[in-house]
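**Q** Below you'll find the structure I mean.
Computed from the coordinates by the stated procedures, all read-outs in this text should not be read as laboratory data. Because the structure is a prediction, the values reported are computed rather than measured. Heads up, the Cβs are rebuilt from the backbone with ideal geometry, glycines too, and the neighbour counts pull from every protein chain shown.
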Amino acid sequence: MAVLLQDFQEWYRDLMDNKSDPRVSDFFLLSSPLPTLGMCIFYAYFSKSLGPRLMANRKPMELRTVLVFYNAIQTIFSAWIFYEYLMSGWWGHYSFKCQPVDYSNSPLAMRMVNICWWYYISKFTEFFDTLFFILRKKNEHVSTLHVIHHGCMPFSVWMGLKFAPGGHSTFFALLNSFVHIVMYFYYMIAAMGPKYQKFIWWKKYLTTFQMVQFVAIFTHQFQLLFRECDYPSGFMVWIGLHGIMFLFLFSDFYKAKYLSATRRRRQAVKANGHANGVQSNGHSKHLGEGDAPLTNGSNKGACMPVLEDEYVKSNGHTMDGFFKEGVLSSNDAILNPDSSSSSLHQRKVK
C-alpha cells in the first residue's frame, strides 16, 4: 500500500510540475485541482441537500430585480469573453482546421491564457443559476443531470486551462460564450415582465441555435481524427464527446416538447380551471386557479438548457402566446411569483 501511495504521489508531482503549463502555475486556483474539486463537490451537496433544507421552512424569495441585473451582468461578461477569444486568436490568427497550443510568452499567447482563465471563472458564476432556483424553491428544476453538468464543467475547464490553455478546443469556449450572450440577454428581457415579451419574438429560434452549436463543436473537434495536428488528442475527444452528449439531451427534450405540443394544448383547453393541483408523472404540482399544466415532465431535468413552459387559462385564451414557441435556456430568469397571474413559467436544464 505504501508503495502504491508513493507511486501515485510521484505520478501526481510529475503531472503537476512537468506536464502542466508553467505559465498558469501562479494563477488563482490553478496550483492544485483540490480547490476546484472541493467547490464542485460542495456545489453538488448544497444543490441537492443543504440548500433545499435551508429553504424548507422559508417562503420563496421574490428575485425579479436580482435576476434582471444578474442576467445583464452575465450578458456583458459573456460578450467580453467572446471578444477576447476572437482577439486572442480566432479572429484571423487561428486555423479552424488544426490549431496547436501556443506555449510561448508572446502577448497574443498570454492573452489567450488569460481569457481561458476568465472562462474558467465564468463556470463558477453560473452556479448562481442553481442558487436562484433554490431560493425561489424551484427544487424540481435542480435535477441530478443539471447538477452533474454544472458541477463537472469547472473541473473540465480547469484541466484544459492547466495543460492546454489555447489552441483547437478553445473553439468550444468561443462558441459557447456567444450562445450565452444571446441566452442571458433573452432572460434579462424576459425577467422584466410580460410587457417586454414583444421584444423577444425571436426566442423560438434559440432552440435550433443551441443545437447547431453542439453540432459545430463536435464536428470541429473530431475533424482531427482525420488529419495530423499537434494538439492533445485527449482534450479533442473530451470536448467532442461533450458536444455529442449535449446534442442528444437537446434533441430528446426538443422532441418531447414539440412533438407533443398539440396533445398538451388540447389537454390544457379541457382543464376545468377549478383544480388546485395536478398530477405530473405521478407527482402533485400546485397551480393557481384557472391555470392548466403544459408539460408532461418528459426529460425533465436534462442538464443543459431548458424549454419554457407557459401557462394558459382554462377557458382557452392564451397568455403571451401559449405554446407559440419554446426556447432552451441557460438559467431560470423568468419569474413565476403568482401562478394565477404570471405569464411564463420556466424550467431549466443547463
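**Q** Among the trypsin sites (Lys or Arg not before Pro) within segment 187-228, which fall in a DSSP loop and have no more than 11 other Cβ atoms within 10 Å of their own Cβ? Write down the numbers at each step before the final one.
**A** Values: sites: Lys195, Lys198, Lys203, Lys204, Arg227; in loops: Arg227.
Hits after loop and neighbour filter: Arg227.
**Q** Next up: How high is the relative contact order of segment 86-191, in percent, counting Cα pairs under 8 Å that sit 6 or more residues apart? Mind dumping the intermediate values first?
**A** On the way: 54 pairs, mean separation 43.1, N = 106.
Over segment 86-191, the number comes to 41 percent.
**Q** Quick check: from the Cα gyration tensor, does segment 193-247 come out rounded (a/c under 1.5), prolate or oblate? All intermediate terms of the calculation are to be shown ahead of the outcome.
**A** On the way: a/c = 4.18, a/b = 3.71, b/c = 1.13.
Since a/c reaches 1.5 and a/b is larger than b/c, the shape of segment 193-247 is classed as prolate.
**Q** Here's another thing I want to ask about it. Can you run phi through the Karplus equation (6.51, -1.76, 1.60; θ = phi - 60°) for segment 194-199 and list ³J(HN,Hα) in whole Hz, with x for Gly and Pro?
**A** x, 5, 9, 4, 5, 8
**Q** Hey, another quick one. Just flag the trypsin sites (Lys or Arg not before Pro) in segment 1-108 sitting in loop per DSSP whose Cβ has no more than 14 other Cβ atoms within 10 Å.
**A** Details: sites: Arg13, Lys19, Arg23, Lys48, Arg53, Arg58, Arg64, Lys97; in loops: Arg58, Lys97.
Here the sparse-neighbourhood loop sites are Arg58, Lys97.
**Q** If R₀ is 45 angstrom, what is the calculated FRET efficiency for the pair Leu37 and Lys195, using the beta carbon separation as r and rounding to 0.05? Don't skip to the end; give the middle numbers.
**A** Details: r = 45 Å, r/R0 = 0.99.
Given R0 = 45 Å and the Cβ-Cβ separation, E is 0.50.
**Q** Rounded to whole Hz and in sequence order, give me ³J(HN,Hα) for segment 60-71 from the Karplus expression 6.51 cos²θ - 1.76 cosθ + 1.60, θ = phi - 60°, writing x for Gly and Pro.
**A** Along segment 60-71, the couplings run x, 7, 8, 10, 4, 5, 4, 5, 4, 5, 4, 5 Hz.
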